[in-house]
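Structure first, then comments.
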Amino acid sequence: MPELPEVETTRRGLQPHAAGCRIVAVHVYDRRLRWPVPDSLPGKAVGRTIDRIDRRSKYLLFRLGDDSLLVHLGMTGSLRLWNSPPPRRPHDHIDIVLDSGATLRYHDPRRFGAMLWVPEPSAAHPLLASLGPEPLSPAFDADYLWRVTRRRMAAIKPALMDSRVVVGVGNIYANESLFRAGIRPTTAARRVSRRRLGRLVDEVRSTLTDAIAKGGSTLRDYVDSSGKPGYFQLDYFVYGRAGLPCRVCGSAIKSVRQAGRATSYCPRCQD
Ligand SMILES: [Zn+2]
């Protein structure tokens with residue numbers, strides 16, 4: 001599933017080729033995504049110029065003057081740019097044709113993604129309004145995380161994965177950041193000290209930044225490529241390593257389920 005680093009890499013891959021281009025046609029071949037692609041979307045988008053591509057959480061926002069085109073990749077979605085598009089394959093659902101002659105093609109076998117029209121102010125849109133701060137923004141800091149966790153009965157890991165607290169920290173990155181910060185994922189969020197939360201903020205940032213940096217080598221895959229999107233294999237410390245020896249101390253990595261998700265941790269390095 002595309003996580004924040006993959007979405008950010010998609011943004012960086014497409015931005016230099018799409019920004020400044022005018023949309024000359026939008027072909028919706030199958031509108032049955034997570035929410036139906038609005039019938040009115042092509043009429044609104046055609047003639048608009050893509051000022052830039054922003055990202056909020058895992059949503060891409062194509063800025064088109066006063067409005068935005070929102071794209072979510074769901075579980076299996078990908079967005080590629082073709083200078084001369086090949087014949088459509090199964091699951092190629094939407095083509096956005098640019099005045100440069102290139103085509104942005106949305107492909108999504110499981111159709112859990114979305115393409116919606118978002119009027120300004122986009123931050124007030126129901127999908128975006130209740131989102132917490134971006135993990136790589138200055139708003140996500142130790143004081144903030146300390147403040148929002150004081151009354152939380154929940155454990156620190158589900159708190160970290162709650163998009164109202166901070167966006168874009170998926171299961172892999174929550175597991176890895178907590179290991180790097182030395183915090184047991186099952187600890188009640190409100191019992192974690194400000195100092196340790198500061199360490200956690202730093203580790204969330206560096207874990208995501210490392211993954212985005214790995215994605216840098218796949219940027220070319222977003223243009224003229226039908227290859228699989230780059231899913232970034234970090235050298236995980238705990239994620240997917242239940243029962244294996246900790247890379248730091250050699251203890252067996254433990255696994256539990258929290259809020260329906262697999263949690264892995266080292267019983268010695270994380271307390
Ligand atoms: Zn260990």
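Derivation of every value follows stated rules applied to the coordinates shown; laboratory data play no part. All values reported here derive from a predicted model rather than from experimental measurement. Positions of Cβ are backbone-derived with ideal geometry, glycine not excepted, and every protein chain shown enters the neighbour counts.
Observations, loosely collected:
- Membrane-span-like helices in the chain, defined purely by DSSP H runs whose alpha carbon atoms cover 24 Å or more axially and whose average Kyte-Doolittle hydropathy reaches -1.0, are 194-215.
- Taken about its Cα centre, the chain carries a charge dipole of roughly 1220 debye when the Cβ of each Lys and Arg holds +1 and the Cβ of each Asp and Glu holds -1.
- For the range 73-116, the residues whose amide N sits under 17 Å from a probe point set 7 Å from the Cα of TRP35 along the beta carbon direction are 73-75, 111-116.
- Computed [θ] at 222 nm, helices only, for the chain once each DSSP H run of length n ≥ 4 contributes -39500 (n - 2.57): -7500 deg cm²/dmol
- Rg and Dmax of the chain, Cα atoms only, in Å: 20.1, 60
- Between the beta carbons of ASP143 and ASP54, assuming R0 = 30 Å, the FRET efficiency works out to 0.70 to the nearest 0.05.
- When the charge dipole of the chain is built from unit charges on Cβ atoms (+1 for Lys and Arg, -1 for Asp and Glu) and taken about the Cα centre, the candidate among HIS91, LEU244, VAL166 whose Cα reaches farthest toward its positive end is LEU244.
- C-alpha center-to-center spacing [the range 145-164, the range 75-125] in angstrom: 34 Å
- Mean projected area (nm²) of the alpha-carbon convex hull when the range 1-82 is viewed from all directions: 5.4 nm²
- Computed FRET value (nearest 0.05) for VAL24 with ARG150, which takes r as the C-beta separation and R₀ as 45 Å: 0.30
- The count of lysine pairs in the chain that are at least 8 places apart or cross chains, and whose C-alpha atoms lie under 26 Å apart, stands at 7.
- The calculated Kirkwood hydrodynamic radius for the range 126-188 is 12.1 Å, given to one decimal from all distinct C-alpha pairs.
- Distances between placed amide hydrogens fall under 5 Å for ARG56 paired with LEU61, all partners being 5 or more residues away or on another chain.
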